[in-house]
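Presented below is the structure to which this report refers.
The values are calculated or read from the model by the stated rules, or taken from the named source; none is laboratory data. Note that the structure is a prediction, hence the values are computed from the model and not measured. Ideal geometry is used to build each Cβ from the backbone, glycine not excepted, and the neighbour counts take in all protein chains shown. For the accessible areas, the whole protein counts, side chains as well, though only heavy atoms, and no ligand, DNA or RNA atoms are used. Shrake-Rupley method; radii C 1.70, N 1.55, O 1.52, S 1.80 Å.
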Amino acid sequence: MPMRDALHARAAVLALGAALAGCATVQPVTTTEPTAAAPSANPLLADWAGPYGGVPPFDRVRVEHFEPALEAAMADHLAEIEAIASDPAAPTFENTLAAMERAGRTRERVATLYGIWGANLSTPEFQAVQRTLAPRMAAFTDRIHQNEALFRRIEAVYEARESSGLTSEQQRLAWYHHNAFVRAGARLDAPAKARLSEINQRLAALFTGFNQNVLADETDRFLVLESEAELAGLPESLREAAAAAAGAKGMPGRWVVANTRSAMDPFLTYAADRSARERAWRMFVDRGDGGGEHDNNRIIAEILALRAERAGLLGYETHAHWRLENAMAATPERAMELLESVWTPAVARVREEVADMQALADAEGAGITIEPWDYRFYAEKVRLARYDLDAGEVKPYLQLDRLREGMFWVAGELFGFDFRPVADVPVFHPDVAVWEVTDRASGRHVGLWYFDPYARAGKRSGAWMNAYRSQERFDAEVTTLVSNNSNFVEGREGEPVLISWDDARTLFHEFGHALHGLASSVAYPSLSGTSVPRDYVEFPSQLLEHWLSTPEVLQRFAVHHETGEPIPRELVERIERAATFNQGFDTVEYLASALMDMRLHLAGAVAIDPDAFEREALDALGMPREIVMRHRTPHFQHVFGSDGYSAGYYSYLWSDVLTADAYGAFTEAGGPYDRAVADRLLRHVFSAGNTVDPADAYRAFRGRDARVEALMRKRGFPAAN
Ligand SMILES: [Zn+2]
């Protein structure tokens with residue numbers, strides 16, 4: 001889930017496709033200051049001090065600092081922009097674009113911390129600040145994009161880009177800013193600009209409302225289990241977690257399962273009590289759709305109408321056409337073509353999966369027809385029966401600490417990075433640990449990697465990467481600060497944290513985003529690290545997942561927490577044989593959401609009843625009745641929690657085409673640690689940021705365009721014709 005800085009994409013937050021969640025308990029934050037006083041005492045407004053070129057002052061920030069700091073920083077940034085726009089000198093790259101890159105640094109630092117609080121330390125107090133600030137931040141962004149004098153200067157530099165002696169990166173930056181301004185309405189007349197700004201502010205308020213409604217349904221609603229019988233099938237760790245959750249809610253002797261994906265997916269996988277599963281499933285898929293004060297349907301209809309109106313103002317056929325213009329896919333039609341080409345084989349696989357599950361249920365004499373709340377439960381039984389693969393058998397080998405060391409080792413082998421824990425850096429919670437990253441060959445400082453592994457109140461669910469500071473070197477070398485955040489359950493004191501195979505993959509995925517930030521080697525921050533098109537950004541992260549299952553990693557880092565024995569080769573083979581298992585389900589639940597996202601945003605300027613639209617679109621698609629969309633419309637935060645992944649949820653599949661094809665470059669050469677291929681990957685992909693067009697970057701790495709065949713093989717589907 002992204003929360004990119006609206007003006008520049010520097011403060012990227014990238015996540016695996018997980019839902020937002022969280023809880024509204026007050027999170028204590030250590031402070032060494034009394035309350036916010038005059039703006040000069042506001043720690044958010046100061047330069048970042050300390051080692052490594054300065055680090056965020058997590059130990060001194062309080063919620064009441066945000067509003068005055070953001071207001072002051074936005075005013076400063078506007079003044080800097082005004083000075084650039086009214087410069088009497090003729091526009092040049094240096095006095096216009098380089099000056100813009102230099103401007104707004106304080107606002108950017110404040111916005112970064114604001115994003116960190118929203119994702120990790122969300123309290124009712126902070127949520128109130130968000131409701132106030134979201135429309136104001138949208139208005140601020142528009143004031144810059146609508147500055148006519150500034151746009152004339154950018155246009156002049158852009159038009160002269162090929163004849164004015166600029167480097168290729170400077171030409172790319174000229175294109176980047178010019179394009180961003182045109183797309184944000186710089187060429188519109190005054191009334192249209194005014195209307196556009198109204199739309200953007202209203203959308204910002206609606207996005208905030210949408211997210212807070214989902215959060216409310218995930219927090220205020222939960223499954224209560226009254227008897228031991230309802231716990232049948234649940235592993236001990238889930239029982240303990242449910243008992244602890246009930247205790248925390250003042251319901252001792254009962255069990256509570258939270259209405260979040262990280263709690264619901266395992267419950268639906270293991271709970272033998274079918275009626276409890278049905279209750280859980282209905283509550284979970286109903287988030288944002290309950291008809292009460294937290295119902296999102298009216299918000300969705302208004303968001304869609306405003307997006308269609310905005311696309312019209314900007315001269316685009318639909319919101320989807322506007323969004324995809326700069327994506328690697330370029331048009332909604334190309335994205336739809338990919339989604340639809342995978343849909344048919346994926347649905348065919350679902351029919352086989354359902355038949356297998358039905359046969360197993362019949363053989364057990366269950367006397368049921370497979371329903372959506374049965375899918376995960378029976379799929380797990382089939383997995384066990386067919387592959388003899390029990391998640392509980394794998395977990396003892398997957399210690400979080402050892403796998404983290406394994407990731408470091410991979411980063412060393414591929415990119416020559418070394419990691420060293422440091423203790424002289426403030427963090428926002430005692431769980432957060434920090435490592436310094438250096439270049440092995442030269443000893444050069446590369447950046448810091450912050451790791452916040454555990455779930456807790458006030459933190460959104462899922463896993464993500466956040467760039468606290470992006471690499472740049474146009475004035476001076478600025479090094480990268482990145483974080484990985486996830487929601488593992490903290491172990492008991494002195495016991496290792498054991499995670500599932502899927503979680504281990506996610507760990508490597510997010511670390512791939514972190515390496516994309518750390519490996520960045522560009523001049524200008526707007527083009528740095530993960531600031532690349534949406535449908536390209538998941539490629540480096542998905543690619544890194546592949547190194548988890550390399551024998552080199554498993555032998556050394558997937559070792560039993562009691563015996564120290566490496567994971568048996570035979571168990572790894574079973575994991576690999578089961579790799580394409582349940583791909584019908586995984587692909588169809590994802591594709592249904594991706595197709596819905598695209599159809600909603602291709603519908604154009606018509607009134608949409610989200611509920612009816614969803615039903616009719618699924619019917620038209622031939623959605624298998626045993627599966628629900630991974631994200632139903634009323635809680636689809638990728639799409640309605642911001643503009644971020646709107647008409648962009650297809651990006652995960654688009655990137656996976658690149659991923660599957662790119663890994664082939666290694667297997668066709670000397671294997672996953674092939675020196676020459678790794679060097680090409682670093683040079684053309686991980687270090688290049690947005691300095692080159694992604695299609696060109698991929699071609700430079702692979703020697704040709706990506707082909708879809710590798711993706712189909714990876715998912716176990718017959719090749720497309
Ligand atoms: Zn990702």
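Per atom type, region 635-687 shows carbon and sulfur on 54% of its accessible surface, probed at 1.4 Å. Kirkwood radius and radius of gyration were both taken over the C-alpha atoms of region 492-635, and their ratio Rg/Rh is 1.08. PRE reach from Ala676 (point 7 Å along Cα→Cβ): which of region 695-711 fall under 19 Å by backbone N? Within reach of a label on Ala676: 698-705. Shown in residue order for region 86-97 are the 3J(HN,Hα) couplings computed by the Karplus curve 6.51 cos²θ - 1.76 cosθ + 1.60 at θ = phi - 60°: 9, 4, x, 5, 4, x, 10, 4, 5, 7, 10, 6 Hz (x for Gly and Pro).
In what sequence, highest mean first, do 327-333, 531-537 appear when ranked by Cβ atoms within 10 angstrom?
Details: 327-333: 18.9, 531-537: 25.1.
Taking the mean over residues of other Cβ atoms within 10 Å, the ranking is 531-537, 327-333.
If you look at the Cα atoms of region 171-239, you get an Rg and a Dmax of 24.3, 67 Å. Relative contact order of region 231-325, taken over Cα pairs closer than 8 Å and 6 or more residues apart, is 17 percent. The 1.4 Å probe gives accessible areas that order Arg505, Arg556, Arg287, Arg298, largest first, as Arg298, Arg556, Arg505, Arg287.
Among the trypsin sites (Lys or Arg not before Pro) in region 448-494, those placed in a DSSP loop whose Cβ has at most 11 other Cβ atoms within 10 Å are Arg492. For the chain, the longest principal axis of the Cα atoms and the long axis of helix 236-248 meet at an angle of about 60 degrees.
When the alpha carbon coordinates of region 603-721 are projected onto the principal axes, the ranges are 54, 35, 23 Å, largest first.
Return the carbon/sulfur percentage of the accessible area of region 190-346, one whole number, probe 1.4 Å, all protein chains in place. All intermediate terms of the calculation are to be shown ahead of the outcome.
Numbers: 3490 of 6480 Å².
Exposed carbon and sulfur together represent 54 percent of the surface.
Cβ neighbours within 10 Å, averaged per peptide: list 588-597, 268-277, 234-243 in order, most packed at the top. It would help to have the intermediate numbers written out before the result.
On the way: 588-597: 24.2, 268-277: 19.0, 234-243: 17.0.
Listed from highest to lowest mean packing, they are 588-597, 268-277, 234-243.
At the residue level, Ile575 shows approximately 20 square angstrom of accessible surface with a 1.4 angstrom probe and all protein chains present.
Percent of C-alpha pairs per 10 Å bin in region 120-216, short distances first: 15, 33, 24, 20, 8, 1.
Helix 66-85 and the longest principal axis of the Cα set of the chain meet at an angle near 40°.
Taking the centroid of alpha carbons for each part, region 338-364 and region 91-121 are 48 Å apart.
Its residue count N fixes a reference of 2.2 N^0.38 Å for the chain, and the Cα radius of gyration divided by that reference is 0.94.
The convex hull defined by the C-alpha atoms of region 356-514 has an orientation-averaged projected area of 13.6 nm².
Here region 93-120 is scanned for amide nitrogen atoms under 15 Å from the site 7 Å beyond the Cα of Ala75 along Cα-to-Cβ, giving 107.
Computed with a 1.4 Å probe over protein heavy atoms only, the accessible surface of the chain comes to 38 Å² per residue. If a paramagnetic tag sat 7 Å from the Cα of Ala476 along the Cα-Cβ line, which residues of region 75-109 would have the backbone N under 16 Å from that point? In region 75-109, the label zone of Ala476 (backbone N under 16 Å from the point 7 Å along Cα→Cβ) covers 102-103, 105-106. What is the local net charge at Val129, summed over the other residues whose Cβ is closer than 13 Å to its Cβ (Lys, Arg +1; Asp, Glu -1)? Summing Lys and Arg as +1 and Asp and Glu as -1 gives -1. The mean sequence separation of alpha-carbon pairs under 8 Å and at least six residues apart, normalised by the residue count of the chain, gives a relative contact order of 18 percent. For Glu472, the residues whose amide H sits under 5 Å from its own are Val478, ignoring neighbours fewer than 5 places away on the same chain, with H placed 1.01 Å from N. Taking the average, over residues, of other Cβ atoms within 10 Å as the packing measure, peptides 355-368, 200-213 rank 200-213, 355-368 from highest down. Region 527-562 and region 271-333 have Cα centres spaced 29 Å apart. Rounded to the nearest 500, the helix-only mean residue ellipticity at 222 nm of the chain stands at -16500 deg cm²/dmol, with each DSSP H run of n ≥ 4 adding -39,500 (n - 2.57).
Pairwise Cα separations in region 195-286 fall into 5 Å bins from 0 onward with the following percentages, short to long: 3, 13, 22, 20, 14, 7, 6, 5, 5, 3, 2, 0. Taking θ as phi - 60° and the Karplus parameters 6.51, -1.76 and 1.60, the scalar couplings of region 463-476 work out to 9, 7, 10, 9, 8, 6, 8, 9, 5, 7, 8, 6, 9, 8 Hz in sequence order, x denoting glycine and proline. Per residue of region 520-537, in order, report the coupling 6.51 cos²θ - 1.76 cosθ + 1.60 (Karplus, θ = phi - 60°) as ³J(HN,Hα) in whole Hz, putting x for Gly and Pro. Result, rounded to whole Hz: 3, 9, 9, 8, 10, x, 5, 10, 8, x, 8, 7, 10, x, 3, 8, 10, 5.
How high is the relative contact order of region 169-277, in percent, with contacts defined as C-alpha pairs under 8 Å that are six or more residues apart? Relative contact order comes out at 24 percent. Computed from Cα positions, the angle between helix 261-270 and the longest principal axis of the chain comes to roughly 20 degrees.
Given R₀ = 51 Å, what would the calculated FRET efficiency be for Met251 paired with Glu576, taking r from the Cβ atoms and rounding to 0.05? Let's see the in-between values first.
Working: r = 43 Å, r/R0 = 0.84.
According to the calculation, E is roughly 0.75.
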